[in-house]
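Please read the structure below before turning to the comments.
The values are calculated or read from the model by the stated rules, or taken from the named source; none is laboratory data. None of these values were measured; they are calculated from a predicted model. Note that we place each Cβ from the backbone using ideal geometry, even for glycine, and neighbour counts take in every protein chain shown. For accessibility, only protein heavy atoms count, side chains too; no ligands or nucleic acids. Shrake-Rupley method; radii C 1.70, N 1.55, O 1.52, S 1.80 Å.
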Amino acid sequence: MQSIHRQTVIGLAALLVSAIIILIVIPTWVSSPSNVRNIVLSPVFWPYILSGMTVLIGLGLVVTGFYSSENLTHEPNDIPGGYRRLALMGAIMVITMFALPRLGMVWTSMLIFVATAALIRSSHPKTALICAVLVPLALYAFFAHVASVAIPQGDYVRLP
Amino acid sequence: MNFLDNIAAGLSLVGNLEAFAALFLGVLIGTIAGAIPGMSATMAVALTLPFTFSMEAITAILLLLGVYKGGIFGGSIPAILIKTPGTPASSATVLDGYPMAEKGQAGKALGMALWASCTADLISNLALILFAGWLASFALNFGPPEFFTLILFSLTIIAGVSGNSLLRGALSAMLGLLLATVGLDLVYGTNRFTFGDPNLMGGLNFIAVLIGLFAIPEVLSMVWEPKPHVGKTRSLGKNSVTFAEYRRCFKSIVRGSFIGVFLGSIPGIGAAPAAFLSYSEARRKSPVKENFGKGELEGVAASEAGNNGVAGATLIPLLALGIPGDVITAIIIGAFMVHGLQPGPMMFILNVDIIYGLFIGLIVSSVFLLMIGSVAIRGFKYVADIPRGVLFPGVLVLCIYGVFAVNNNIFDVGVMFVMGWVGFVMLRNDIPAAPFLIAFILGPLLENNFRQAMLMSGNSPDILFRGPITWFFWALTLLTMVAIVRAGIRATKDLKKKNI
């Protein structure tokens, strides 16, 4: 029998997060006016109550975790390299945030489409490439010309 | 206004081509999306929502309701043909649907699924029309203390019934409530968790959180394990369902519909338990119960009636009380808000035309479902063949456009990505996302009503116990809590025994 289970780890994570919220985040990032007469009307009351409840739930998870039969680790992935692919996907998302205002939404979306299709090893690369061009263009046409949304155009190539 | 006046007002609102076209399109999109393995009705409604911003409120909501109804039925197609339920609600359909497909009777199973779905849908819609108005007129007596206790009860039940672990459901709900406190304080206007960023002053965008929680984790799961969908698509066969077979299963369909209506009108329970309960009841009452699980037509009828019976009924708490019955109605409540409408009892006074317009649209949607469903059954092969390596990058791009379109703000796209990772971690650890989203929506309402009640009473908590309605909801909350804790203790004891 293993000594630590996933339920326990989730409970410990909940305890850690709520401790950080109670001890650091609420005192620093929730402002309360000095003239609040009763604590129940204070802007800090609700966050403290919710964090306190999270502590209780975290404790419950830790306690019940001792009796859990659930493994801490997941079943091994059939296709190796999952963490590497996830890290790359994270990088794609970060780059997207930087590229959106500079390249524009349409061109960035085309690149994201191709990158994601490559990452998930699309078995239809030609179809993926065609869709990578057509899908962002079709969405641009709808949102910009039908829904009148100001889709970011970027600094280089602008669409009508 | 009397009932006929209300119907006339509703008809004047939806009696046009645009509204019916939106409904038709919605059912079509929902059926296709529900039938695609890897997509779900929730994801389909979430991804359709941004396309409705430029529409009239009634047209937008009809489109989304169409997607919801189509999605629930669409999920049964892959459940029967490739043993992969398109939506969790169709899991019970697999039990008899797939064995029928193996015997070469897929056409019959799908035909029965369609007829049972449409019948249950109609019954559910009629229940909505009958009960929503009555419940709303009762809820007009509610003040902030009553709403506070009602929302508290809803949250308890939602956290308790979702997923395998009630503590994880409760944790998910708590995180949703905490996230809902981000932004300016509603009474004093001071900053809460804004970290000095003006983008956070209005709180986190609901659609960014929603799409982040329900669509991005699916993309990340595909990245984690890029597998094509498995399972051989069975052919439809030459046999279709006959009227005699429909008549034989009619009792189970009606029973399943009522089970769906009852469970659907309780916030948080959802379609999957209704489908399984309806299936087990049909099996218990059947003279050929040994055939269940081996390809019994009545099993397909009962499970489909159970899950479709929920669809209209979940709108009862939504329209009458402003409380979402499940995660899809939580998205639809967001659509109401985007269009400046607040579901709840006051809507039956201020926007009665929209309410009755929706009722009319829902009835018509059952007819559209029948029409589109019969075509979709034949066209499934093409839908199932959409390569996942093209589908998921497309979903990602769609998410980016959709989330940006809400406020024309790139910051929301970042919120969606972050919530996507949160959702993925939750998914990997079996922490249900539905309580998170529902709590995120109900959080501000819960806090607002609590603080209003405190202001009304001069900070005396006695107001939260001021009358029979508040006592009723406190009692229900207590009962639910006791039931949940007992179930938790029993489950822990069972595990303890197993480990010894």
Here, residue B:243 and residue B:103, labelled 7 Å along Cα→Cβ, have an inter-label distance in nm of 2.4 nm
Which FRET efficiency value, to the nearest 0.05, do you get for residue B:429 and residue B:2 by plugging their Cβ-Cβ distance into 1/(1 + (r/R0)^6) with R0 = 56 Å?
-> 0.55
Pairs of Cα atoms under 8 Å, at least six residues apart: use those to get the relative contact order of the stretch A:6-65, whole percent.
-> 63 percent
The alpha-carbon pair-distance distribution computed for the stretch A:6-65, with 10 angstrom bins and whole-percent values, is 24, 42, 23, 10, 1
Within the accessible area of the stretch B:3-499, what % is carbon and sulfur when the probe is 1.4 Å and the other protein chains stay in place?
-> 66 percent
What average count of beta carbons from other chains do you get within 10 Å of the Cβ of residues in A:137-148?
-> 3
Dimensions in Å of chain B - Rg and Dmax from alpha carbons | 22.3, 72
Per-residue average of other protein chain Cβ atoms inside 10 Å, peptide A:7-19 -> 3
Rounded to whole angstrom, the alpha-carbon centroid of the stretch B:469-496 lies from that of the stretch A:112-160 at a distance of 50 Å
The protein assembly as shown: spread of alpha-carbon positions along the three principal axes, whole Å, largest first, is 77, 67, 64
Contour minus Cα-Cα span, residue B:409 to residue B:494, at 0.36 nm per residue, comes to 25.6 nm
Protection-proxy order for peptides A:54-61, B:128-135, each taking the mean of Cβ atoms within 10 Å per residue, highest first | A:54-61, B:128-135
Using modelled backbone amide H atoms (1.01 Å from N, in-plane), which distant-in-sequence or interchain residues come within less than 5 Å of residue A:123's amide H?
-> B:389
Suppose R0 equals 25 Å; then what is the FRET efficiency for residue B:483 and residue B:281 from their Cβ-Cβ distance, rounded to the nearest 0.05?
-> 0.75
Report the FRET efficiency, 1/(1 + (r/R0)^6), for residue B:138 and residue A:49, where r is their Cβ-Cβ distance and R0 is 30 Å, rounded to 0.05.
-> 0.55
Relative contact order (%) - criterion: Cα under 8 Å, at least six apart; region: chain B = 27 percent
Give me the distance between the Cα centres of the stretch B:393-449 and the stretch B:50-77, rounded to whole Å.
-> 19 Å
Chains B and A: accessible area buried, summed over both chains, 1.4 Å probe, nearest 100 Å², reads 6500 Å²
Mean projected area, convex hull of alpha-carbon positions in the stretch A:82-146, reported to one decimal in nm², is 4.6 nm²
